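What follows is one structure encoded as structure tokens, with my remarks underneath.
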Amino acid sequence: MNKISILIVEDELKLLEAYSKYISLFCEIIYTATNGEEALKLYHEHKPNIILTDINIPKLNGMEFIKIVRENDNNTKIIILSAHTETQNLLQAVELNLISYLVKPVKMSELKSIILKTIEEVTPKNSICLNNDFTWDNISNILKHQNKQINLTSYETSFIKCLVTKVNQNISYEELHNYIYLHEDYSLSAISSLVKRIRKKTTKELIKSSFKFGYKIETI
């Protein structure tokens, strides 16, 4: 059983129950919602790895819900369910970086295939090979250089961990700060100081700067 989490949003209770029961065979942590507002609340509370949502749901439709998620999150995998194939919805689906657009009635075999593929994509690999002969262990949260461990503080470890969640992607100063320092007031100088300390322990090339935006870490 995989501990990847999924949020299922469907206003038809029988379908919601059917999806939940079937997907529970492959995914251990399942959250369910019957409307967009409830879905948004659960998303903010639990940050699921995968979202499976119908488009035509009450209070906040599926597209509006996804757009809010995508304002600050391009990492969560999203799969859309719809009874129709409207061109406008398909175009928006492309723009919103979705995994798949499934047309109802959905065959369970098709749903299974998409869910398993998506779970595989979001499942952390034990070790990630980074540039300049560095590796990151996702299980122990340890950074190594040529198999020698780099001693990092808890904040430094959190910084690297945040970058590794989106390797090869720029992450903003604000997102990094919120991930590391939680409820503390935003401070760019705190992030900058953290980067300087890490670079002293590693190399300047490990953490790439994105001018006036943030940082990223790259795989080889």
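Please treat every number below as a calculation from the coordinates, not as lab data. Source: prediction; values computed, not measured. Ideal geometry is used to build each Cβ from the backbone, glycine not excepted, and the neighbour counts take in all protein chains shown.
A few points about this structure:
- Restricting segment 124-220 to chymotrypsin sites (Phe, Trp or Tyr not before Pro) that sit in a DSSP loop and have at most 10 other Cβ atoms within 10 Å of their own Cβ leaves Phe211.
- Bridge orientation summary for the chain: considering DSSP beta bridges with both residues in this region, about 45 percent are antiparallel.
- Over the chain, equivalent-ellipsoid semi-axes from the Cα gyration tensor in Å: 36, 19, 15
- Annotation: amide H of Ser127 within the under-5 Å range of Asn138, sequence separation 5 or more or interchain, hydrogens built in the peptide plane.
- At R0 = 45 Å, FRET efficiency that the Cβ-Cβ distance of Cys129 and Lys21 yields, to 0.05: 0.70
- Here the simple spin-label model places points 7 Å from the Cα toward Cβ, and for Lys107 and Val167 these points are separated by 3.5 nm.
- Length gained on full extension, Tyr155 to Asn138: 4.5 nm, using 0.36 nm per residue less the C-alpha separation.
- Mean residue ellipticity at 222 nm, helices only, the chain: -12500 deg cm²/dmol; runs of at least 4 DSSP H residues each add -39,500 (n - 2.57), and the sum is divided by the number of residues.
- Greater than 18 Å apart at Cα, pairs in Lys41/Lys166; Lys161/Lys196; Lys59/Lys107; Lys148/Lys200; Lys47/Lys216; Lys77/Lys166: Lys41/Lys166; Lys59/Lys107; Lys47/Lys216
- Dimensions in Å of segment 2-122 - Rg and Dmax from alpha carbons: 12.8, 35
- Stretching Lys196 away from Glu45 to a fully extended chain increases their span by 51.1 nm, per 0.36 nm per residue minus the current alpha-carbon distance.
- Long-range Cα-Cα pairs in segment 127-217 (distance over 17 Å), rounded percent: 43 percent
- Sites count as exposed loop sites when they are trypsin sites (Lys or Arg not before Pro), lie in a DSSP loop, and have at most 15 other Cβ atoms within 10 angstrom; the longest stretch of the chain without one is 1-58.
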